[in-house]
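Where a number appears in this text, it was derived from the coordinates with a stated rule and is not lab data. Since this is a predicted model, take the numbers as computed values, not measurements. Don't worry about glycine lacking a Cβ; one is built from the backbone with ideal geometry, like all the others, and counts go over all protein chains shown.
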Amino acid sequence: MKYALIGCGRISPNHIIAAQNNGLDIVAICDVKKDNAEDKLIKFEIESCNTSIYENYKDLLANENPDLVAIATESGKHASIAIDCINAGCNVIIEKPIALSIEDANAIIEAGRNKGVLVCACHQNRFNKSIQEIRKALDKKRFGRLLYGTAHIRWARDHEYYDRASWRGTWEQDGGALMNQCIHDIDLLRWMMGDEIDTVYGMTDRLMHPYIEAEDLGIAVIRFKNGSYGIIEGTTNVYPRNLEETLYIFGEKGTVKAGGEAVNIIEEWKFSDYFGDEERVKKECSENPPNVYGFGHTKLYKNVINAIEGKEELLVDGEAGKRALELVLAIYKSAAEGKAVRLPLKNCSTQDFIGRFERDNR
């Protein structure tokens with residue numbers, strides 16, 4: 001299967017490794033800065049594979065005709081690039097968030113449907129061993145009635161991080177802590193708690209990063225349509241380094257906590273239907289990845305490849321990506337308006353909040 005990567009920044013190594021691990025034919029990589037692409041060819045020893053380098057992704061699409069394209073550019077460009085790839089007949093893996101507006105997310109999903117290609121949102125943490133085990137327990141109804149779940153993303157991002165890419169922290173190309181750093185755990189919380197949301201109430205602020213436009217702290221309370229609740233706490237203000245990314249699920253018959261730096265370790269596993277599996281689960285379903293990106297990309301790629309070949313269902317499709325995006329935008333909207341927001345959102349974009357904190361601080 002012919003594969004191409006568009007965007008050779010911070011997350012690109014995970015995509016290249018996943019492509020290599022799954023035996024994809026890497027026909028091209030693309031970055032507006034040619035040096036970035038050349039560096040990846042050398043670093044991952046793929047220069048011998050007749051891989052072409054492009055600075056313009058449209059030239060790549062015209063010349064290479066890939067079967068699968070991963071899009072790992074700045075978030076604000078995800079939608080336009082994805083739609084061009086889809087219209088060229090390519091299946092796509094889109095780094096989170098899938099887009100920065102509901103309208104763009106809908107356009108991506110519709111384009112994929114019209115062209116008959118697969119659209120995958122790259123929420124790779126769904127493939128963590130810990131998360132897969134929690135999902136199995138959920139599907140087996142071991143929790144009983146779901147009561148509430150919480151997502152805590154307590155990370156650190158300094159001035160140097162934002163200086164390395166001018167698009168970071170902007171409303172036009174990124175968003176803030178919730179949209180960039182926290183959206184993986186936000187996706188997991190919504191997925192676990194039944195997906196369908198009634199009401200969101202959120203508060204956001206910019207406490208420690210005056211040089212960015214968007215938030216560095218977000219807190220939200222969610223009421224799901226099944227009667228359960230969710231709590232989100234996300235920040236990039238933790239001193240001095242990343243502390244944790246933690247997911248709790250509380251039910252009438254079960255309590256689970258997945259912690260570690262990236263929800264990769266089972267720390268609590270209690271169920272009333274005790275099967276003697278607590279120690280086994282803690283041992284077998286915990287991982288120690290080298291960074292917050294975890295090991296999920298390789299498994300996500302495998303799922304996408306199998307879905308393209310008709311061997312299994314796609315686990316994280318465009319609709320899933322839209323749901324994660326919608327929840328973040330709902331928190332932004334609630335925080336800006338100072339009131340609860342009902343879902344679904346019909347029209348909302350990060351650009352609706354340009355100047356938000358400047359206005360609040362006048």
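General remarks:
- The coefficient of translational diffusion for the range 198-278, derived via Stokes-Einstein from the alpha carbon Kirkwood radius under 20 °C and 1.002 mPa s, stands at 142 µm²/s.
- Full extension of the segment from Asn50 to Lys282, taken as 0.36 nm per residue of separation minus the current Cα-Cα distance, would add 79.2 nm.
- Neighbour counts of other Cβ atoms within 10 Å put Ser272, Ser101, Ser130, Ser80 in the fewest-to-most order Ser272, Ser80, Ser101, Ser130.
- Backbone phi angles across the range 267-278, fed through the Karplus curve with coefficients 6.51, -1.76 and 1.60 (θ = phi - 60°), yield HN-Hα couplings of 9, 9, 8, 10, 9, 5, 8, 3, 10, x, 9, 4 Hz in residue order; Gly and Pro are listed as x.
- Extension reserve of the Glu160-Arg145 stretch, reckoned as 0.36 nm per residue once the Cα distance is removed: 0.9 nm
- Stretchable slack from Ala340 to Asn226, in nm (0.36 nm times residue separation minus alpha-carbon distance): 39.3 nm
- Orientation-averaged projection of the chain equals 17.6 nm² [convex hull of Cα atoms, one quarter of hull surface area].
- Placed amide H near Ser286: partners under 5 Å, 5+ positions off or other chain: Ile266
- Options Ser166, Val119, Ala156, ranked by Cα towards positive dipole end of the range 111-229, top entry (Cβ charges): Val119
- 3J(HN,Hα) from dihedral phi, the range 238-252, Karplus parametrisation 6.51/-1.76/1.60, rounded to Hz, x for glycine, proline: 6, 9, x, 8, 3, 9, 6, 10, 10, 10, 10, 10, 10, x, 5
- Estimated FRET transfer efficiency when R0 is 30 angstrom, pair Glu110-Tyr211 (beta carbons, to 0.05): 0.20
- Between the beta carbons of Arg135 and Lys33, assuming R0 = 41 Å, the FRET efficiency works out to 0.60 to the nearest 0.05.
- The range 69-103 and the range 202-278: distance between their alpha carbon centers, rounded to Å: 27
- Here the relative contact order of the range 258-327, from alpha carbon pairs under 8 Å that lie six or more residues apart, stands at 22 percent.
- Cα gyration tensor shape for the range 22-75, rounded if a/c is under 1.5, else prolate or oblate: rounded
- Listed by Cβ neighbour count within 10 Å, with the fewest neighbours leading, Leu327, Leu147 appear as Leu147, Leu327.
- Computed [θ] at 222 nm, deg cm²/dmol, the chain (DSSP H ≥ 4; -39,500 (n - 2.57); rounded to nearest 500): -10000 deg cm²/dmol
- Judged by the gyration tensor of its Cα atoms, with axes a ≥ b ≥ c, the range 65-164 is oblate; a/c meets the 1.5 cut and b/c is at least as large as a/b.
- Our coupling estimate for the range 76-90, obtained by passing each phi through the Karplus curve with A = 6.51, B = -1.76, C = 1.60 and θ = phi - 60°, is x, 9, 4, 5, 5, 5, 4, 5, 5, 5, 4, 5, 7, x, 9 Hz, Gly and Pro reported as x.
- Sequence of Arg323, Arg135 once ranked by neighbouring C-beta atoms within 10 Å, starting from the fewest: Arg135, Arg323
- Violating pairs (Cα-Cα greater than 24 angstrom) within the set Lys299/Lys333; Lys225/Lys322; Lys43/Lys283; Lys136/Lys302; Lys33/Lys299: Lys299/Lys333; Lys43/Lys283; Lys33/Lys299
- Label sites at Val238 and Glu319, each approximated as a point 7 angstrom past Cα along Cα to Cβ, lie 3.3 nm apart.
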